[in-house]
Amino acid sequence: MNWGVFQGLLSGASHFSTGFGRIWLSVVFVFRLLVYVVAAERVWGDEQGDFECNTKQPGCTNVCYDNYFPVSHIRLWALQLILVTCPSLLVIMHVAYREDRERKHREKQGENCGRLYTDIGKKRGGLWWTYLISLIAKALVDALFLYIFHHIYKDYSLPRIVKCTLNPCPNIVDCFISRPTEKNIFTLFMVITTIVCILLNLCEIGYLLTKRCRECAIQRHLKSQPPHVISYLQKQEMFHANNKLNEELDQLNPCDRVMPPETKLK
């Protein structure tokens, strides 16, 4: 499977993430996706071919393998990586939706019209909720897969010998798993990195909520100020937002600087 597509899509998510979000992306790419592609697929590549039972009874080995490995580690990890990265794509789609609205607004009102969003990638309004929901979804997906792994493979470990009594096995049959120690090491590594990602998501959720509560407290404090102070602060905010817009325009064309008269400080 070509995982470069996911890496290319999610690399854009780092531009709209907080510090915790960028660390989370680094952990996913380096310690989960890269380890999965480079090493884990090869470690589990022989799991069925080298699963041997001490019997020549036709079908016994296949039945025992299917009973002990209902879903392979490697396929569960692939599904986990796909599902845990999908919420980040929601954020990218929401930002793309804002950019499309901004473009249509300029085409309709003209290039010198006011902007719908001061900063398209700034987490305000619906984008803040989309980002928060994506964090909760990522943490829940990782937690769910930790439970699935623990439910299927007790204590996340593989034994050296599996005893099977299923039909058509003639009696109690001993089956041997290929390289169980190496597979247990990789399983433990994946479990630890998953727990780290969950903790990073929880820290980012706490950071977003704390920041929002602080901003709400500041807004309530501003509402209690005299009207002339509020007007001055609003002009300051518009002035800085306009400067940021001009910096973006300078990167495209230094001659297209726009400074609406109503946003200039007097």
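The values are calculated or read from the model by the stated rules, or taken from the named source; none is laboratory data. Not measured: the values here are computed from a predicted model. Glycine gets a Cβ as well: all are built from the backbone with ideal geometry, and neighbour counts include every protein chain shown. Surface accessibility is based on the protein's heavy atoms, side chains included, excluding ligands, DNA and RNA. Shrake-Rupley method; radii C 1.70, N 1.55, O 1.52, S 1.80 Å.
A few notes on this one:
- Residue 123 falls short on exactly one of the conditions (1) at pLDDT 75 or above; (2) open to solvent by less than 50 Å² (accessible area, probe 1.4 Å); (3) not hydrophobic (A, V, I, L, M, F, W, C), and that condition is (1).
- Some residue of segment 72-83 being at pLDDT 85 or above, aromatic (Phe, Trp, Tyr) and under 19 Å from the mean Cα position of the chain (by Cα): yes
- Residue check, residue 171 open to solvent by 100 Å² or more (accessible area, probe 1.4 Å), more than 18 Å from residue 45 (Cα to Cα) and over 27 Å from the mean Cα position of the chain (by Cα): no
Okay, residues lined up against (1) within 30 Å of residue 150 (Cα to Cα); (2) touching a Leu at 6+ places or on another chain (Cβ under 9 Å); (3) surrounded by 17 or more Cβ atoms within 10 Å (Cβ to Cβ); (4) modelled with pLDDT of 90 or more:
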{"site": "180", "(1), (2), (3), (4)": "yes, yes, no, no"}
{"site": "185", "(1), (2), (3), (4)": "yes, no, no, no"}
{"site": "192", "(1), (2), (3), (4)": "yes, no, no, yes"}
{"site": "202", "(1), (2), (3), (4)": "yes, yes, no, yes"}
{"site": "211", "(1), (2), (3), (4)": "no, no, no, no"}
{"site": "217", "(1), (2), (3), (4)": "no, no, no, no"}
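- Criterion applied to 187, 210 was being free of Cβ contacts under 8 Å to residues at least 60 places away in the same chain and among the hydroxyl-bearing types (Ser, Thr, Tyr), and the one residue passing it is 210.
- Filtered residues of segment 73-91 (kept if over 22 Å from residue 184 (Cβ atoms) and buried (at least 17 other Cβ atoms within 10 Å of the Cβ)): 84, 85, 87, 88, 91
- Search result, residues across segment 152-167 that are over 15 Å from residue 66 (Cβ atoms), of a type in the set (A, V, I, L, M, F, W, C) and surrounded by 14 or more Cβ atoms within 10 Å (Cβ to Cβ): 158
- Residue 137 meets each of the listed conditions (1) exposed (fewer than 13 other Cβ atoms within 10 Å of the Cβ); (2) under 19 Å from the mean Cα position of the chain (by Cα) apart from (1).
- Number of positions in segment 140-151 that are open to solvent by less than 50 Å² (accessible area, probe 1.4 Å) and either more than 17 Å from residue 81 (Cα to Cα) or without any contact (Cβ under 8 Å) to a residue 60 or more places away in the chain (or both): 2
- Scanning segment 56-72 for residues that are without any contact (Cβ under 8 Å) to a residue 60 or more places away in the chain, open to solvent by 70 Å² or more (accessible area, probe 1.4 Å) and outside any helix (DSSP H, G or I) returns a single hit, 56.
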